[in-house]
Amino acid sequence: MADERVARTATTFEPQVVRAFEHAGWQQAAVHYTATFACATRGFVDDLLNAARVEAGTRVLDLACGPGCVAIAAAERGALPVGLDFSSAMVALARADHPDIRFEEGDAEMLSFADGSFAAVVANFGIHHVPDPNRALREAHRVLRPGGRVAFTTWTAPAENIARRLLYDAISAHGDLEAANAPPPGGSLRQPEDLLRILGAAGFAEIAARRARREWHIAAARDLLEGFRRGTVRTPTLICAQPTSALPAIEAAIARSIAAYRHPDGFAVPIVAILGSGIRG
């Protein structure tokens, strides 16, 4: 979900500043996420679970679980999921909706689980939100048993993600792409080789990374803007930083561009993720 183009950033990377920014953002976005941006991320869940070989009886850790979409899908397969998120608001939603699944508040960079606790660790668009993705993957490696699998997704660059490109093109034409003031993200994971690099550095074997293509189905053109504004963290800083006078033109530009993706029930906008995976030797 993070993108460097949304912010005029400081030159010094400060992990605690990034953590505080992300935490505050997800605390606020939690109540809106399921009805907005989860409609984009949910389409990659099955690929994620398949890559980690999650099946009946698999003890699986869902990192950055949010409201629990991946953990729920794992449970439907007969797996034994544990969801973890640093946002208490997300964990509260997950627990309220699915009291039969274990959800915990915690830090992906400092897991409280014992070595070899899980057969699989998955993260759907969460690893790139932590200040140190490399550390999070090393922790995933630690809590996996030998032969256990990790799988995670990140977003490709806006040039490949039409949904995000529609927003950026509209802001570029009618607003200011450099208007936001968000801290830099913890890592730029935009290409398969980026995922292969950090998987290898964390000690995983049989590493792989590939693109996965889906569509974000939305009912109305305005839902794309609102999905980013209310269901994500870094992009809202860009949207909210635009001059009030520019927003009508930005919305109108999105409406014109999205017409090319009209669907019988609204719009089907192409989105592209990178799915990385590996095995603990």
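Just so it is clear, none of the values below were taken in a lab; they were calculated from the coordinates. These numbers come from a predicted model, not from an experiment. No Cβ is skipped: glycine too gets one built from the backbone with ideal geometry, and neighbour counts run over all protein chains shown.
For region 111-145, the tally of residues that are touching a strand residue (DSSP E or B) at 6+ places or on another chain (Cβ under 6 Å), assigned to a loop (DSSP other than H, G, I, E, B) and among the aliphatic types (A, V, I, L, M) stands at 0.
Can you find, within region 161-172, the residue that is farthest from the chain's Cα centre (by Cα) among those that are of a type in the set (D, E, K, R) and surrounded by fewer than 22 Cβ atoms within 10 Å (Cβ to Cβ)?
From region 161-172, those of a type in the set (D, E, K, R) are 164-165, 169; that's our starting set.
Now drop any that are not surrounded by fewer than 22 Cβ atoms within 10 Å (Cβ to Cβ), which leaves 165, 169.
On the way: Arg165: 17, Asp169: 22 Å.
The residue in question is Asp169.
The residues of region 209-233 that are of a type outside the set (D, E, K, R), outside any loop (DSSP other than H, G, I, E, B) and either buried (at least 18 other Cβ atoms within 10 Å of the Cβ) or out of contact with any strand residue (DSSP E or B) (no Cβ under 8 Å at 6 or more places or on another chain) (or both), listed by number, are Ala209, Trp216, Ile218, Ala221, Leu224, Leu225, Gly227, Phe228, Gly231.
Identify, please: which residue in region 146-160 is part of a loop (DSSP other than H, G, I, E, B) and either out of contact with any strand residue (DSSP E or B) (no Cβ under 9 Å at 6 or more places or on another chain) or among the hydrophobic types (A, V, I, L, M, F, W, C) (or both) and is, among those, surrounded by the most Cβ atoms within 10 Å (Cβ to Cβ)?
Kept after step one, since they are part of a loop (DSSP other than H, G, I, E, B), are these residues of region 146-160: 156-160.
From what is left, the residues that are either out of contact with any strand residue (DSSP E or B) (no Cβ under 9 Å at 6 or more places or on another chain) or among the hydrophobic types (A, V, I, L, M, F, W, C) (or both) are 157-159.
Details: Ala157: 15, Pro158: 18, Ala159: 11.
Ranking the qualifying residues of region 146-160, first place goes to Pro158.
Is at least one residue of region 125-132 over 19 Å from Ala71 (Cα atoms), surrounded by 17 or more Cβ atoms within 10 Å (Cβ to Cβ) and among the aliphatic types (A, V, I, L, M)? Yes, the conditions are met somewhere in region 125-132.
Looking across region 196-208 at every residue that is assigned to a strand (DSSP E or B) and not charged (D, E, K, R), the one that is surrounded by the fewest Cβ atoms within 10 Å (Cβ to Cβ) is identified as Ala205.
If you go through region 173-187 and keep only what is within 21 Å of the chain's Cα centre (by Cα) and farther than 14 Å from Cys240 by Cβ, you end up with Pro183, Pro184, Pro185, Gly186, Gly187.
Each row is one residue, and each column tells you yes or no for (1) in contact with a Pro (Cβ under 9 Å, 6 or more places away or on another chain); (2) of a type in the set (Lys, Arg); (3) closer than 27 Å to Arg211 by Cα.
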residue	(1), (2), (3)
Tyr33	yes, no, yes
Thr36	no, no, yes
Ala40	no, no, yes
Leu49	no, no, yes
Arg59	yes, yes, yes
Ala64	no, no, yes
Pro67	no, no, yes
Glu76	no, no, yes
Leu80	no, no, no
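Looking only at region 234-244, residues that are buried (at least 23 other Cβ atoms within 10 Å of the Cβ) and either among the hydroxyl-bearing types (Ser, Thr, Tyr) or in contact with a Ser or Thr (Cβ under 8 Å, 6 or more places away or on another chain) (or both) come to 1 in all. Residues of region 254-269 being of a type in the set (Gly, Ala, Ser) and surrounded by fewer than 12 Cβ atoms within 10 Å (Cβ to Cβ), which ones? Matches in region 254-269: Ala259, Ala260.
Close Cβ contacts (under 9 Å, 6 or more residues apart or on different chains) running from residues in region 173-186 that are surrounded by fewer than 20 Cβ atoms within 10 Å (Cβ to Cβ) to residues that are among the basic types (Lys, Arg) and part of a loop (DSSP other than H, G, I, E, B) comprise Glu178/Arg8; Ala179/Arg8; Asn181/Arg8.
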